[in-house]
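Q: Structure below; questions to follow.
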Amino acid sequence: MANNLHTMPLKIEKLLSSRKVRNMKLDEFGAYLKLLSEAWLDGAMLPNNDNKLRYDFLNIEDDETWKRIKKFVVNRMFKPSEDGKFLVNQHQVEIYNEVVDKHNKRVNAGKKSGESRRKNKQKCKTKTATTTAKKAKTKEVKLTVSGLSINFKKWTLDEFQKDVDFHSDKYSQQMQTNFINYWTERDKNGKMKFQKNETWETAKRLATWNNRGFNNQNNFSTKSCEVEITNDNSPLAAIGG
């Protein structure tokens, strides 16, 4: 059973304090470390198979050498597992379990940290989306009933006429023409008269125009009227020649 624990802790003091280890010859000690390393990569277990240990792991050709290694290293330092399929070193199994436990704790902590970061990232995205939506709503262009922007100071002549035409069912064509001619008179800078007002609502201006009788004279023109502008910028009834 292969694992991802590629680093094997080696407690030197405990290793060399063992009489069995101190009594090993150099090649026996080397074989012991080699078998511990092979076992570590397979879940702290060795196959209980002499041929695999001798040839695959230790590459021992000499029979006498193998007998000695088998006696003083394999049989002395490793014991069969409960099912007899593997050989284990009890001290290594304890260290392996400790390392696995620490590894799993780090993995779980990493997962929790990653999940927390993902949640925080999602919250940031949601907050950003909400903020963007609010800003978009704030910047949303408000329109008049005729579908024009309420920023009347930027209306063109055609847009002004469109806004007046929207109310054509209430007033005569002549009145609308006079109203448009008056309020679209331009100054030397090209700005139309209605654009000089602080506020503007075409419907209310038309109603005032109609109620105050500014359209009583059939030959009404911007040249034949004198208009005084009050604080509310409404033309007073000072019409005449």
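Q: So GLU198 ticks every box in (1) surrounded by fewer than 11 Cβ atoms within 10 Å (Cβ to Cβ); (2) within 23 Å of GLY213 (Cα to Cα); (3) among the charged types (D, E, K, R) but one. Which box is left unticked?
A: (2)
Q: Within segment 42-56, which residues are part of a helix (DSSP H, G or I) and not charged (D, E, K, R)?
A: As a first pass, look at segment 42-56 and keep what is part of a helix (DSSP H, G or I): 50-56.
Listed by number, the residues that qualify are ASN51, LEU53, TYR55.
Q: Quick one: is ALA39 in a helix (DSSP H, G or I), within 30 Å of ASP101 (Cβ to Cβ) and in contact with a strand residue (DSSP E or B) (Cβ under 6 Å, 6 or more places away or on another chain)? Outline the logic, then answer.
A: Details: in a helix (DSSP H, G or I): yes; within 30 Å of ASP101 (Cβ to Cβ): yes; in contact with a strand residue (DSSP E or B) (Cβ under 6 Å, 6 or more places away or on another chain): yes.
Taking the combined requirement at face value, the residue satisfies it.
Q: Can you work out which of the residues in segment 66-100 that are in contact (Cβ under 8 Å) with a residue 12 or more places away in the chain, outside any helix (DSSP H, G or I) and out of contact with any Lys or Arg (no Cβ under 9 Å at 6 or more places or on another chain) is surrounded by the most Cβ atoms within 10 Å (Cβ to Cβ)?
A: Within segment 66-100, the match that is surrounded by the most Cβ atoms within 10 Å (Cβ to Cβ) is PHE78.
Q: Hey, can you tell me all the residues within segment 22-66 that are of a type in the set (A, V, I, L, M, F, W, C) and either modelled with pLDDT under 95 or within 52 Å of the chain's Cα centre (by Cα) (or both)? Even if it seems obvious, please write down each step before you answer.
A: So in segment 22-66, the residues of a type in the set (A, V, I, L, M, F, W, C) come out as 24, 26, 29, 31, 33, 35-36, 39-41, 44-46, 53, 57-58, 60, 66.
Listed by number, the residues that qualify are LEU33, LEU35, LEU36, ALA39, TRP40, LEU41, ALA44, MET45, LEU46, PHE57.
The values are calculated or read from the model by the stated rules, or taken from the named source; none is laboratory data. The structure presented is a predicted model; accordingly, all values stated were derived computationally and were not measured. So basically every Cβ, Gly included, is an ideal-geometry build from the backbone, and we count neighbours across all protein chains shown.
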